[in-house]
Every structure is written in C-alpha cells, then in structure tokens.
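The values are calculated or read from the model by the stated rules, or taken from the named source; none is laboratory data. Just so it is clear, the model here is predicted, and its values are computed rather than measured. Every residue, glycine among them, receives a Cβ derived from its backbone with ideal geometry; neighbour counts consider all protein chains shown. For accessibility, only protein heavy atoms count, side chains too; no ligands or nucleic acids. Shrake-Rupley method; radii C 1.70, N 1.55, O 1.52, S 1.80 Å.
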Amino acid sequence: MIRLAVILPAAGTGSRMRTETPKPYLRLKGATILEHTIRNFLRVDGLVQIVIATSNQWMSQAQSIASSFKSDTITVDVVEGGSERQFSIHHALQSLDDHVNMVAVHDAVRPFITTSLVELCCTEARDHGGAIVAVPAKDTIKRVDAKGFIQETPKRSTIWQAQTPQIFQRPLLERAYKKAIAEDYFGTDDASLVERIGGKVKVIAGDRRNLKITFPIDLRVAEMILEEGSFDVPQ
Ligand code: C5P
C-alpha cells in the first residue's frame, strides 16, 4: 500500500522574481502560490503527509497555512529550509512519519500540477524505484565550454526537461541524499542524486502548464491559466 509524503521546498529567496516576498508566498487570485500547490495534492491517493521547508522569516506564515490544511488523514509539518534547495529537502527528509514508504519532492512554486499526474508518477516510482515528470525539450540544447563555444549538440528527441514531482521509494531517496551530503555533491534536481547511486528513474510525459514560477512573466502566465481554467498548451 502506498503511503506517500510530499516535500515542498519553499525556502528560496526569489531573487530572479525581484520581489520582497518569496515566490511561494506571492498571491495569485486570492491565495498564495503555496496554497494553490498544496490544494492540488490533497486528493492524491495514499497521501499521508505534507512537509513544507521554508526560511526562518516565513515559518509563522507557513505554520498558519499548514494548520489550515491539516486533516484526519493528512499531517502537515513545517521545517526550516537551508541555503540550497538540496539542504531544504534534506531537512524535510528528517521529519517524515515512520509509516511513509514513498516520497515526492515538488517545487512549492509549481501550482498547476494535477492529481492524476502525481498518481501516475507515484505508481511508476513504486514499480521502478523512482519516477519524474518531464516535458520533451522544445529548444535545441547546446553544451557550451567556458569560453562560449559549442562542444556538443545532443539529439533533441532524446532530451527532456525535468520538472517536479520527482517521486521515489523512501529508502532509495534517503540513501541518495545521505551519499550526496556526505560527498558534498550538489545536483539541480532529486533524480540526479538517485542516478548517481545507480537508481532507476522513469520519465513520465508531463504537462507544460506545470510551470515553475521563476520570472515575473511566469506570474502573468499563471494568472492566465487560473482565469481560463484550462489553458490549452500542446506538448
Ligand atoms: O530557485 P529554484 O527555482 O531552484 O527553486 C525551486 C524551489 O526550491 C522553490 O520552491 C524554492 O522556494 C525552493 N528552494 C528551497 N531552498 C532553497 C532554494 C530554493 O526550498 N535554498
């Protein structure tokens, strides 16, 4: 039986957004981005715990959001984040309930994830070890050297852009984090830590609406998606 916890890293400073308020606490149509994100997880089959990692100054705000989502079946906890996303998630891993057997990591600033995509990702992760949501690269990707010259152009049909959720069997993710932290390895996503200990990770075709709100333009797009309910974005 799946007993899933979702870790929501929300401790970023939002420097690329150029706002005082960090991105998860910016409001979109009456609710914070973090609240929109949490709402989309509440109906996920097997969800038993939500852990929000946030910066020290935003703990009380996160606590009050957490209390508003607690229920008889779902516990919602808040932990202090770290200076890097990876540290924020590492802290959150320490506060998982004992009975949790699958762990999802989902950026707090991706409010348009759907219940069905999380559930599909979770069953694939249960069967294979790990699974992540991703979209095929729409641009051609170049590997460039320090002087700005192209070194390699990987075949675009094999390139995917990793999003979240990234879901793993709990022992696999815990081992991956333990090793990365011990060896001072930093990855830009969770799957990369699992890959380096030999874990198998399946890629699930996701949805371009699952954008990570990063730049001011992303907020405008997010408002449009919320206004239109369904915003037709082809693969
Ligand atoms: O900055 P980036 O786009 O990588 O942030 C992705 C998510 O990780 C955001 O929800 C952000 O709040 C979170 N984060 C974090 N701790 C950090 C940096 C980012 O929880 N030190």
In the chain, with Lys and Arg counted as +1 and Asp and Glu as -1 at Cβ, which of these residues, Ile74, Phe186, Thr37, has the Cα nearest the positive end of the dipole, that is, farthest along it? Phe186
Could you work out what % of the accessible surface of the chain is carbon and sulfur, using a 1.4 angstrom probe and leaving DNA, RNA and ligands out of the count? 50 percent
Taking GluC sites (Glu not before Pro) as exposed when in a DSSP loop with at most 12 other Cβ atoms inside 10 Å, the chain has its longest clean stretch at 21-182
Taking the alpha-carbon centre of each part, the distance from the stretch 4-25 to the stretch 75-130 in Å is 15 Å
Relative contact order (%) - the chain, alpha-carbon pairs under 8 angstrom, separation at least six: 22 percent
Equivalent ellipsoid semi-axes - Cα gyration tensor, the chain, angstrom: 25, 23, 19
How long are the semi-axes of the ellipsoid equivalent to the stretch 28-167, from square roots of 5 times the Cα gyration tensor eigenvalues, in whole Å, largest first? 31, 19, 15
Counting only protein chains, not ligands or nucleic acids, how are Trp160, Trp58 ordered by accessible area (probe 1.4 Å), most first? Trp160, Trp58
Okay, helix-only estimate at 222 nm for the chain: each DSSP H run of n ≥ 4 adds -39500 (n - 2.57), divide by all residues, round to 500 deg cm²/dmol; what do you get? -9000 deg cm²/dmol
The stretch 39-72 scanned against label point 7 Å out from Ile181 along Cα→C-beta; backbone N under 17 Å for 51-55
Please work out the ratio of the alpha-carbon Rg of the stretch 1-45 to 2.2 N^0.38 Å and round it to two decimals. 1.39
Solvent-accessible area per residue for the stretch 4-227 at a 1.4 Å probe radius, Å²? 49 Å²
Label-to-label distance, nm, for residues given as Thr21 and Ser64 (7 Å Cα→Cβ offset): 1.2 nm
Met224 - accessible surface, heavy atoms, 1.4 Å probe, Å² rounded to 10: 80 Å²
Provide His106, His91 ordered by accessible surface of protein heavy atoms (probe 1.4 Å), highest first. His91, His106
